[in-house]
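These notes concern the structure reproduced below.
Laboratory data are not the source of any read-out in this text; all were calculated from the coordinates shown. These figures come from a predicted structure and were not determined experimentally. So basically every Cβ, Gly included, is an ideal-geometry build from the backbone, and we count neighbours across all protein chains shown.
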Amino acid sequence: MLFSPAFPAGGRRTGRPEPGRTGGYPAWVSISLYYSAHRGSALSASERQAVAALIDADDDRDVVAGGSEPFCVYPYDSLDDGVVFEGSTKLPPDIQLAWEATAHWSGLVSAIRRVIPDAAWHFSLDDHDFVWDGARQEYDPAAENAQ
């Protein structure tokens, strides 16, 4: 279950919230989105400008007010060889707010992927990979990973 990692005192995953909990996951659990693009050539100046424009134009007030961190992109000069875009964003602890933030950030990552279509992409929530829908040109966080 993607957003229901309830762990009782014994540490076993039950798939059910702990007694008295109203949703979310234990405070000691943190979940994040991770996104990266890999290719042989660095981003061009126009690609960097297009990515920056998408991020700048994104209205993230609701998801950030809900507890999500702002969209984070690692500095281009700090990326490993072959990595042209990379970042991560911590999600809020409330399950519903985390789902809403995931849907929002999936839209932004999808838009960025459309700017850099020739890269090999990876987008995940911790160890759950998201599926790229080539026909719709977007990530669908609700889709089951076919791999």
- Would you mind computing, in nm to one decimal, how far apart the modelled labels at ASP118 and TYR34 are, each placed 7 Å from Cα along Cα→Cβ? 2.7
- Once the piece of chain linking ASP62 and ALA142 is laid out straight, how much longer is it, given 0.36 nm per residue of separation minus the C-alpha distance between them? 26.8 nm
- Note on the structure: Cβ density ranking, 10 Å radius, fewest first, applied to ILE55, ILE112 yields ILE55, ILE112
- Query: Would you list VAL109, VAL51 from fewest to most Cβ contacts within 10 Å?
  - Reply: VAL51, VAL109
- Task: Find the Cα radius of gyration of the range 32-140, compare it with 2.2 N^0.38 Å by division, and give the number to two decimals.
- Result: 1.03
- Task: Could I have the simple spin-label model distance between ASP77 and ALA103, label points 7 Å from Cα toward Cβ, reported in nm to one decimal?
- Result: 4.0
